[in-house]
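The values are calculated or read from the model by the stated rules, or taken from the named source; none is laboratory data. Remember, it's a predicted structure, so these values are computed and weren't measured experimentally. Reconstructed Cβ throughout: ideal geometry from the backbone, glycine too, with neighbour counts over all protein chains shown. To get the accessible areas, we keep the full protein, side chains included, count just its heavy atoms, and leave off ligands, DNA and RNA. Shrake-Rupley method; radii C 1.70, N 1.55, O 1.52, S 1.80 Å.
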Amino acid sequence: MSLQKIIDFNRPHQFVEEQEYIHQAYQNGKISGDGIFSKKCQAILEQETGSLKVVLSTSCTHALEMSALLLDLKPGDEVIIPAFTFVSTVNAFVLRGATPVFIDCHPDTLNLDETLLESKITPQTRAIITMHYSGVACEMNRILEIAARHHIPVIEDNAHGLFGKYQGKPLGSFGCMATQSFHETKNISCGEGGALVINDPSLIERAEILREKGTDRSRFFRGMVDKYTWVDVGSSYILSEILAAVLFAHLEHRKEIQDKRTTTWNRYASELRDWASESGVRLPIVPDGCEHPAHIFYMLLPSLTVRQSMMEYLKQNGVICVFHYQPLHLSTMGRKLGGKPGDCPVTEDVSDRLLRLPIFYDLSDEDQNIVIKLIKDYKFD
Ligand SMILES: *Cc1c(COP(=O)(O)O)cnc(C)c1O
């Protein structure tokens with residue numbers, strides 16, 4: 001029996017400061033949210049996203065839910081959402097009773113296809129949700145121009161895009177709101193966590209009320225009211241200070257994290273380039289003007305059969321590679337909402353052929369060499 005080494009798709013990294021910061025949170029006498037570490041994280045995120053205001057949340061899913069509440073969406077409203085994204089991007093709006101209108105992705109970037117956007121807009125459209133797949137920006141100039149002409153707000157699901165840029169401007173700074181994720185699988189993580197990024201000043205106060213169970217507790221703490229009370233709908237969306245302490249340690253190391261991931265990403269791109277073009281495999285396309293944060297490295301294989309066989313072959317050899325989103329309009333829930341095969345042909349095609357390679361802080365050069373060699377040795381039949 002051989003003890004085969006496993007190269008995971010993702011592994012969380014623990015920084016030594018995490019323990020110390022958690023200890024400090026206890027010493028500060030505050031482990032619920034909005035303490036010193038939360039404020040430090042928010043300040044870094046405001047700077048990195050170039051936004052007006054960032055509030056930490058329990059997840060990106062919850063930040064998306066907050067964004068739907070802040071837009072006052074109601075049954076009958078339509079929200080344009082990519083068919084190629086995570087379920088939370090759509091659930092947040094469906095929870096408010098809104099109708100998702102799925103839009104296909106662009107074959108190059110796998111982002112919302114801006115050339116189809118205008119055709120999806122109706123008098124009921126209340127929001128356009130963009131998701132920067134793998135942190136490569138959507139065509140924001142075009143999207144914002146169309147949205148402005150129809151007076152429709154844009155929200156960026158920026159779960160992949162922290163530290164990414166579009167024409168020199170940080171992702172997260174384009175929509176009236178954007179959302180971040182600090183789930184274990186993201187570049188910056190505290191296990192489970194997120195943030196709502198706000199760029200429209202008129203939304204800030206209500207966002208603070210919403211996450212404080214609908215009370216004006218934040219204003220009370222700033223001394224602006226002498227008691228706090230229930231003023232609006234709300235829920236419990238605040239990240240614990242213990243998780244903010246962990247998050248702060250990761251954010252302090254953001255440069256190293258990004259440097260390592262970028263090195264890994266660039267090595268895959270350069271070392272697989274010739275093999276890919278000879279084998280009919282498509283590697284990520286990064287348009288001019290997009291700086292991406294090395295969140296995902298994917299390959300588009302020639303067919304579903306090859307994708308499954310390559311994934312199985314890599315697994316047999318100890319390397320865990322994973323596919324990604326299944327078309328939302330063809331999911332059980334998507335079909336209940338009227339989705340049919342052929343609605344979003346590019347999404348349907350790429351979701352069958354996509355395979356993501358291991359990329360994480362502790363992935364060693366030797367392990368990456370193993371992954372690259374195995375891929376190049378794969379026998380297409
Ligand atoms: C990870 C992810 C989410 C959800 O993040 P959570 O913090 O786990 O709620 C939402 N949207 C996209 C695009 C994601 O990748």
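Under the criterion of Cα pairs below 8 Å and six or more residues apart, the relative contact order for the range 167-276 equals 20 percent. The modelled label-to-label distance between Val231 and Glu20, using points 7 Å beyond Cα along the C-beta direction, is 3.9 nm. P(r) tail, the chain: Cα-Cα pairs separated by more than 34 Å, 30% of all pairs. For the range 170-252, treating each Cα as an identical point scatterer without solvent, what Debye log10 I(q)/I(0) comes out at q = 0.14, 0.15, 0.23 1/Å? For the range 170-252 at q = 0.14, 0.15, 0.23 Å⁻¹, log10 I(q)/I(0) is -0.59, -0.67, -1.13.
Only protein atoms count toward the accessible area here, which uses a 1.4 Å probe; on the chain, the carbon and sulfur part of that area reaches 53 percent. Taking other residues whose beta carbon is less than 14 angstrom from the beta carbon of Leu251, and scoring Lys, Arg as +1 and Asp, Glu as -1, yields -1.
Once all protein chains are placed together, Tyr166 keeps about 10 Å² accessible to a 1.4 angstrom probe.
Based on the reciprocal of the average 1/r between different C-alpha atoms, the Kirkwood radius for the range 254-377 equals 15.9 Å.
Restricting the range 63-164 to trypsin sites (Lys or Arg not before Pro) that sit in a DSSP loop and have at most 11 other Cβ atoms within 10 Å of their own Cβ leaves nothing.
Our coupling estimate for the range 161-175, obtained by passing each phi through the Karplus curve with A = 6.51, B = -1.76, C = 1.60 and θ = phi - 60°, is x, 4, 6, x, 9, 10, 6, x, 10, x, 5, x, 9, 8, x Hz, Gly and Pro reported as x. Between the range 22-51 and the range 320-365, the C-alpha centres lie 34 angstrom from each other. Between Ile7 and Val319, Ile320, the built amide H atoms are under 5 Å apart, and every one of these is 5 or more places off in sequence or on another chain. In this structure, Ser119 and Leu3 have a Cβ-Cβ separation that, at R0 = 51 Å, corresponds to a calculated FRET efficiency of about 0.35. Probing with 1.4 Å while keeping every protein chain in the model, the per residue accessible area of the chain equals 44 Å². Net charge in the neighbourhood of Gly193 (other residues with Cβ under 12 Å of its Cβ; Lys, Arg +1, Asp, Glu -1) is -2. Taking a sphere under 14 Å around the Cβ of Lys379 and counting the other residues whose Cβ falls inside, with K and R at +1 and D and E at -1, yields a net charge of -2. With a threshold of 30 Å on the Cα-Cα distance, the over-threshold entries among Lys213/Lys340; Lys165/Lys340; Lys39/Lys260 are Lys213/Lys340; Lys165/Lys340.
Based on the Kirkwood approach, the hydrodynamic radius assigned to the range 32-112 is 14.5 Å, with every pair of different Cα atoms included.
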